[in-house]
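I have placed the structure first, in the form of structure tokens, so that the comments after it can refer back to it.
Coordinate-derived values only; no laboratory data. Fair warning: this is a prediction, and the values are worked out from it, not measured in the lab. Glycine gets a Cβ as well: all are built from the backbone with ideal geometry, and neighbour counts include every protein chain shown.
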Amino acid sequence: MRVALKFAYNSKNFNGYARQPNIKTVEQEIINFLIKNDYIKDAKTSTFRSASRTDKGVSALSNVIAFSGDYSTSNIYNTISDGFLDIIIYGIAEVNEDFNPRYAKLRQYRYYLIKNKLNVKKIIQTSNIFTGLQNFSNFTRAEEFRNPVRSIENIVISENKDFLIFDFFAQNFLWNQIRRIISALTKVGNNKIEKEEIAKALDNPNKKVDFGLAPAEPLILIDIFYNFDFKIDYNNFKKAKLLESQIISNL
């Protein structure tokens with residue numbers, strides 16, 4: 001049987017997401033938890049997979065992992081509420097044996113940008129240039145065998161007293177893509193560059209332009225969507241939702 005779990009974490013408690021021996025990472029802590037509770041023997045034989053390997057400093061309210069083994073979902077569901085201090089597991093679903101959580105319908109990331117003296121109107125007017133199917137070579141950390149063409153479905157911007165809040169929606173994102181977009185928009189808001197310069201960088205992906213990289217800590221993976229629903233532990237779900245205010249209070 002194969003199971004998917006939904007979980008949340010504050011990145012400040014970890015040295016990144018991806019598993020590393022003898023280092024506290026999100027993925028390694030989950031694997032250790034599953035092995036300790038006899039749900040898996042190891043990551044390889046259980047075909048352990050993660051939906052999103054978030055950058056160091058990036059938190060999540062809803063990441064997803066999947067693994068296979070001989071157990072009952074009810075048994076797992078009864079123990080996830082115990083969990084462990086720095087990771088909140090709150091959702092479970094039985095999935096097909098070939099399920100890989102990387103292939104989601106949609107992902108939602110949120111970035112909290114401190115407003116300071118930014119030209120908010122100018123940023124909002126520029127942000128729509130990033131939606132649609134485009135080559136984001138100038139807005140990602142280059143990877144030789146990874147296609148830089150991606151489609152951002154929507155960017156929704158709201159604001160409060162302190163922050164401009166960006167919600168990005170896409171099936172998948174490139175490495176550092178959102179942080180590089182935010183850095184470019186920040187430069188627009190500081191009147192250091194114009195919308196036309198970003199347009200040229202998108203239209204001419206082979207001509208290298210670097211608009212910088214925004215900090216990781218204000219970026220949160222908000223949700224990942226699939227063609228099925230998770231059974232939710234609502235006590236843990238409430239704890240997960242509280243993480244967002246804790247994260248932004250430290251910005």
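If we sort 166-173, 113-120 on the protection proxy, mean other Cβ atoms within 10 Å, highest first, what's the order?
Going by the mean number of other Cβ atoms within 10 Å, highest first, we get 166-173, 113-120.
How many nm is it between the label spots at V120 and D70, if each spot is 7 Å from the Cα in line with the beta carbon?
Placing both labels 7 Å along Cα→Cβ, they lie 6.0 nm apart.
Return one number: the angle in degrees, 0 to 90 and rounded to the nearest 10, between the long axis of the Cα atoms of helix 234-249 and the longest principal axis of the Cα atoms of the chain.
Helix 234-249 sits at roughly 30 degrees to that axis.
Please give me the summed charge of the neighbours of K117: other residues whose Cβ is under 15 Å from its Cβ, Lys and Arg +1, Asp and Glu -1.
That works out to +4.
So between N128 and N22, what do we pick up on full extension, going 0.36 nm a residue minus the alpha carbon distance?
33.9 nm
Pairs of Cα atoms under 8 Å, at least six residues apart: use those to get the relative contact order of the chain, whole percent.
Contact order relative to length: 26 percent.
Sorted by packing (mean other beta-carbon atoms within 10 Å per residue), highest first, where do 227-233, 45-51 land?
In descending order of packing, they fall as 45-51, 227-233.
What does the charge count near T45 come to, summing +1 for each Lys or Arg and -1 for each Asp or Glu among other residues with Cβ under 14 Å from its Cβ?
Computed value for this residue: 0.
Give me T186, T79, T54 ranked fewest to most by other Cβ atoms within 10 Å of their Cβ, as a rough exposure proxy.
The order, fewest Cβ neighbours first, is T79, T186, T54.
Based only on other Cβ atoms within 10 Å, what is the fewest-to-most ordering of D223, D203?
Result, fewest neighbours first: D203, D223.
Based solely on its DSSP helices, what 222 nm [θ] is calculated for the chain when runs of n ≥ 4 H residues each add -39,500 (n - 2.57) and the sum is averaged over all residues, nearest 500 deg cm²/dmol?
The helix contribution divided over the chain gives -8000 deg cm²/dmol.
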